[in-house]
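Remarks on the structure that follows.
Read-outs throughout are calculated quantities, based only on the coordinates presented, and are distinct from any laboratory measurement. Bear in mind that the values here come from a model prediction, so they are computed numbers and not experimental data. Note that each Cβ is placed from the backbone with ideal geometry, even for glycine, and that neighbours are counted across all protein chains shown.
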There are 2 protein chains.
Amino acid sequence: MSLDGFIAGPNVSSKEPMGEGGERLHDWLFKTKTEMDARVVAETFESSGAVIVGGRTYKIAIHDAWGGISPFDSTAFVLTHHVPNEKVKGFVYITTGIDEILSEAKKQAGIKNVWIMGGANIIQQFIKSKLVDEMQITLVNVLLGDGVRLFDHIDIGQIELERTRIIESAGVTHIRFRVVK
Amino acid sequence: MSLDGFIAGPNVSSKEPMGEGGERLHDWLFKTKTEMDARVVAETFESSGAVIVGGRTYKIAIHDAWGGISPFDSTAFVLTHHVPNEKVKGFVYITTGIDEILSEAKKQAGIKNVWIMGGANIIQQFIKSKLVDEMQITLVNVLLGDGVRLFDHIDIGQIELERTRIIESAGVTHIRFRVVK
């Protein structure tokens with residue numbers, strides 16, 4: 001997330017899955033990755049026993065941009081209105097809603113975490129439904145100016161957080177919060 | 001600033017200068033202040049040789065809410081369309097624009113910093129005009145949900161930042177950035 005709250009640039013498309021200029025938010029991952037960044041990423045993958053992905057992110061970022069190969073170690077559950085004809089190994093398609101997808105993902109994850117990967121819309125749905133336990137924010141040293149906001153449309157009043165970890169890396173700050181319930 | 005980017009709640013007024021629910025953002029200052037928080041605040045005051053305040057913030061937060069007594073150690077310059085009839089000691093009123101107010105504030109500040117205190121609108125004007133050298137963000141462990149965004153309407157493309165300091169305190173994280181020019 002940029003300091004001004006964007007996790008993608010404007011006009012997200014299959015050609016530009018991070019939106020216009022949004023690739024800047026991935027520089028820490030693909031251009032300037034430190035050993036510490038790599039560890040944080042590995043930790044996220046290893047601690048997750050299941051992944052949840054929104055339908056649009058699946059279509060744009062995985063199916064079109066990543067050539068239909070799952071980047072995840074564990075099963076990814078896709079919340080979508082339409083189960084695609086062309087199914088991809090490693091993905092399970094759920095059409096019923098966030099409660100059902102979470103229930104399926106939890107069964108799969110066992111004692112491990114369920115990683116709600118994105119996009120913004122599905123994360124917002126989970127936050128609004130108070131189903132998020134922890135948030136791992138990668139704060140990027142940039143003002144993006146425009147794009148898709150991570151925290152938007154969450155009109156349920158204040159949500160208290162507890163900061164549980166900060167890791168300072170070269171181009172980003174990894175901050176982890178626990179949601180106080 | 002809350003994690004979702006708000007520096008005040010919605011409906012800022014003289015009665016509620018931090019907006020509805022916005023006082024939560026000042027808990028670190030008035031309720032749970034640590035020695036480290038106090039040091040960061042003292043540093044801001046002591047390192048500033050002049051302060052710049054927007055007209056609305058002056059009217060609502062200083063004139064009405066603080067009973068017209070300047071909370072600043074150094075002269076505060078107020079950008080306003082209308083110089084008030086009732087002038088307050090410690091304030092200078094400027095009607096011409098951000099270049100002129102900065103020029104006057106710099107003369108006053110000498111070798112010290114000019115502190116652009118807020119509100120959001122005047123900070124955004126200064127960011128857009130590339131006149132900001134450093135940003136000191138107090139990131140509060142809360143999602144506010146609604147209110148006045150610090151970083152909004154800054155439609156000049158990406159602005160690179162360098163994170164120069166992080167201080168972890170109890171309820172907030174003080175993060176300082178240098179604007180890369």
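Here is a yes/no grid of residues against (1) more than 9 Å from chain A (Cβ to nearest Cβ); (2) of a type in the set (Ser, Thr, Tyr); (3) within 22 Å of A:Gly9 (Cβ to Cβ); (4) not in a loop (DSSP other than H, G, I, E, B):
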{"site": "B:Phe126", "(1), (2), (3), (4)": "yes, no, no, yes"}
{"site": "B:Lys130", "(1), (2), (3), (4)": "yes, no, yes, no"}
{"site": "B:Gln136", "(1), (2), (3), (4)": "yes, no, no, yes"}
{"site": "B:Phe151", "(1), (2), (3), (4)": "no, no, yes, no"}
{"site": "B:Ile154", "(1), (2), (3), (4)": "no, no, yes, no"}
{"site": "B:Glu162", "(1), (2), (3), (4)": "no, no, yes, yes"}
{"site": "B:Arg165", "(1), (2), (3), (4)": "yes, no, no, yes"}
{"site": "B:Arg176", "(1), (2), (3), (4)": "yes, no, no, yes"}
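Residue-level check: of (1) more than 14 Å from every other protein chain (Cβ to nearest Cβ); (2) touching an Asp or Glu at 6+ places or on another chain (Cβ under 7 Å); (3) within 30 Å of B:Gly21 (Cα to Cα), A:Leu143 misses just (1).
Mind checking which strands (runs of 3 or more DSSP E) fall wholly inside the stretch B:1-114 and carry at least 1 residues that are surrounded by 15 or more Cβ atoms within 10 Å (Cβ to Cβ) and more than 14 Å from chain A (Cβ to nearest Cβ)? Before the answer, list the steps.
Working: elements: B:6-8, B:48-54, B:76-79, B:91-94.
Strands (runs of 3 or more DSSP E) meeting the threshold: B:48-54, B:76-79, B:91-94.
To keep it simple, each residue is scored yes or no on (1) touching a residue at least 40 places away in the same chain (Cβ under 8 Å); (2) small (Gly, Ala, Ser); (3) on the phi < 0 side of the Ramachandran plot; (4) buried (at least 16 other Cβ atoms within 10 Å of the Cβ).
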{"position": "A:Glu134", "(1), (2), (3), (4)": "yes, no, yes, no"}
{"position": "A:Thr138", "(1), (2), (3), (4)": "yes, no, yes, yes"}
{"position": "A:Leu143", "(1), (2), (3), (4)": "yes, no, yes, yes"}
{"position": "A:Val148", "(1), (2), (3), (4)": "yes, no, yes, yes"}
{"position": "A:Leu161", "(1), (2), (3), (4)": "no, no, yes, yes"}
{"position": "A:Thr164", "(1), (2), (3), (4)": "no, no, yes, no"}
{"position": "A:Gly171", "(1), (2), (3), (4)": "yes, yes, yes, yes"}
